[in-house]
1. Here are the criteria: (1) without any contact (Cβ under 8 Å) to a residue 40 or more places away in the chain; (2) open to solvent by less than 40 Å² (accessible area, probe 1.4 Å); (3) more than 8 Å from the ligand (Cβ to nearest atom); (4) part of a helix (DSSP H, G or I). Tell me which single one Glu73 does not satisfy.
2. Look at the range 44-58 and say how many of its residues are near the ligand (Cβ under 8 Å from one of its atoms), part of a helix (DSSP H, G or I) and open to solvent by less than 40 Å² (accessible area, probe 1.4 Å).
3. Looking only at the range 61-70, which residues are surrounded by fewer than 18 Cβ atoms within 10 Å (Cβ to Cβ) and within 13 Å of the ligand (Cβ to nearest atom)?
Amino acid sequence: MTAHQAAGWWIDRAACRDADPDLFFPLGASEHSPVQVEAAAAVCAGCPVTAQCLTWALDTGQDHGIWAGTTPEERRTMRRALSRR
Ligand code: SF4
């Protein structure tokens, strides 16, 4: 089962379904460039399932890629803040 299949019903409504995967998961780059993050976030901004995407990415500890317009570092910060509650 792929990560996308495991994600649930919402992935079928994702605005990134037909986008270039390299925009969200760059190969060979340890950090996303600000331009790339901005371009991916622009796709996410028009997505109807952003909340489901972010919840899934946080719940499953997605440590790579742009999910719901967030970078891995931003999600790590969110997870740390949530764990302190
Ligand atoms: S919020 Fe962004 S990464 Fe998540 S499903 Fe939508 S377009 Fe894809």
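The values are calculated or read from the model by the stated rules, or taken from the named source; none is laboratory data. Keep in mind it's a predicted model, so treat the numbers as computed, not measured. All Cβ positions, glycine included, derive from the backbone under ideal geometry; neighbour counts span all protein chains shown. Heavy atoms of the whole protein, side chains included, go into the accessibility calculation; ligands, DNA and RNA do not. Shrake-Rupley method; radii C 1.70, N 1.55, O 1.52, S 1.80 Å.
1. Of the numbered conditions (1) without any contact (Cβ under 8 Å) to a residue 40 or more places away in the chain; (2) open to solvent by less than 40 Å² (accessible area, probe 1.4 Å); (3) more than 8 Å from the ligand (Cβ to nearest atom); (4) part of a helix (DSSP H, G or I), the odd one out for Glu73 is (2).
2. Residues in the range 44-58 being near the ligand (Cβ under 8 Å from one of its atoms), part of a helix (DSSP H, G or I) and open to solvent by less than 40 Å² (accessible area, probe 1.4 Å): 3 in total.
3. His64
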